[in-house]
Amino acid sequence: MAARHFLTLLDFSPAELDQLIDNAISLKKGWRSGEIRDSLRNRVLAMIFEKASTRTRVSFEAGMTQLGGSALFLSPNDTQLGRGEPIEDSSRVISSMVDAVMIRTFEHDKIERFAGASSVPVINALTDQFHPCQLLADMQTFREHRGSIRGATVTWIGDGNNMCDSYINAAEQFGFKLHIACPEGYEPDAELLDANADRVKVIREPEEAVRGAHLIATDVWASMGQEQEQAIRARAFAPYQVTPKLMKLADPEALFMHCLPAHRGEEISEDMLEHASAVVWDEAENRLHAQKALLEFLILGG
């Protein structure tokens, strides 16, 4: 049987995603109570990083250890996907030696090519187009604090980047409405917008976009690889800063999320991470638990 992969949220059914998040919440409770779990004993995860990350490496490596398995960190110097060897050849070799592969890279087609040749599950830990693992953590966090997100209104403020694209997929899979507030020229993928026109709307004014929303999420204005655009982006996005004043226009019980790292004084005000609505630290920790549930699902077969 062909291996299942997790390259976007659309690779799982809504029911499977709900099951995964339920398991993530259960795993979190067990971990906090001191439960020892060795469901992935003797299993190995290869972690291929072409983009640096703190939370992604720590959460996947710690997650495998907590489930009784182990993880191999492969830096850009260790793999160089597609530069010293065809991606498909690397995939065949690496997947013959491990139980799953996690990849954090630039072009999304790289991970698709790797998955196409892999004999084991491949996990997208971020590409330039999607960041589905972060959305699992976000959806888990909302469920823990407010229950089901189905039927809610979510507002994304800022760049139409990989996180925004994944929020569009999440709107489809988890059944919520999505408002996207971004400057002209920084919209998310046009095909994704067209395919989800019944549930996703681009609204230029952040004040209008957040009105009555149940969840507000944002990200840095310049992602990795866009540093040379920082000054231009700072001017374009200046009206899109998330502040306590903006949060007052949302639902009184609205939550605020940020995938981190955050640039205080840019996409968020200096005090936003300490705001009563902010659940960013729970959100960050849930990367660990959501990914443990994902690893079990893929390696153990659901």
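Taking the listed residues Trp221, Trp156, the one that is within 24 Å of Leu273 (Cβ to Cβ) and either assigned by TED's automatic domain parsing to the domain that holds Glu16 or at pLDDT below 95 (or both) is Trp221, with no other qualifying.
Kindly indicate whether any position in segment 120-139 is surrounded by fewer than 23 Cβ atoms within 10 Å (Cβ to Cβ) and in a helix (DSSP H, G or I). No, segment 120-139 contains no residue that is surrounded by fewer than 23 Cβ atoms within 10 Å (Cβ to Cβ) and in a helix (DSSP H, G or I).
Which residues, counting only those in segment 51-92, are part of a helix (DSSP H, G or I) and within 20 Å of His289 (Cα to Cα)?
Correct list: Arg55, Thr56, Arg57, Val58, Ser59, Phe60, Glu61, Ala62, Gly63, Met64, Thr65, Gln66.
Considering Arg41, Arg57, the condition of being assigned by TED's automatic domain parsing to the domain that holds Ala290, out of contact with any Pro (no Cβ under 9 Å at 6 or more places or on another chain), basic (Lys, Arg) and within 30 Å of Ala262 (Cα to Cα) is satisfied by Arg57 alone. Of the residues contained in segment 35-50, none is found to be of a type in the set (Ser, Thr, Tyr), more than 15 Å from Lys292 (Cα to Cα) and not in a strand (DSSP E or B). Taken together, Ser59, Ser39 contain a single residue that is closer than 29 Å to Glu107 by Cβ and not charged (D, E, K, R), which is Ser59. Checked against (1) of a type in the set (Lys, Arg); (2) outside the structural domain of Leu20 (by TED's automatic domain parsing); (3) within 30 Å of Met64 (Cα to Cα), Lys292 passes all but condition (2). Within segment 196-233, the residues that satisfy the criterion of being more than 27 Å from Glu144 (Cα to Cα), in contact with a helix residue (DSSP H, G or I) (Cβ under 9 Å, 6 or more places away or on another chain) and surrounded by 14 or more Cβ atoms within 10 Å (Cβ to Cβ) are Val202, Ile203, Trp221, Ala222, Ser223, Gln226.
Selection within segment 92-146: residues that are among the aromatic types (Phe, Trp, Tyr) and farther than 24 Å from Gln173 by Cα. The member of this set that is modelled with the highest pLDDT is Phe114. Within segment 244-302, if we keep just the residues that are of a type in the set (Lys, Arg) and surrounded by fewer than 22 Cβ atoms within 10 Å (Cβ to Cβ), the residue that is nearest to the chain's Cα centre (by Cα) turns out to be Arg264. Of the strands (runs of 3 or more DSSP E) contained entirely in segment 168-254, those carrying at least 3 residues that are over 30 Å from Glu50 (Cα atoms) fall at 177-181, 200-202.
The values are calculated or read from the model by the stated rules, or taken from the named source; none is laboratory data. Note that the coordinates shown come from a computational prediction; the quantities given were computed from them, not determined experimentally. Ideal geometry is used to build each Cβ from the backbone, glycine not excepted, and the neighbour counts take in all protein chains shown.
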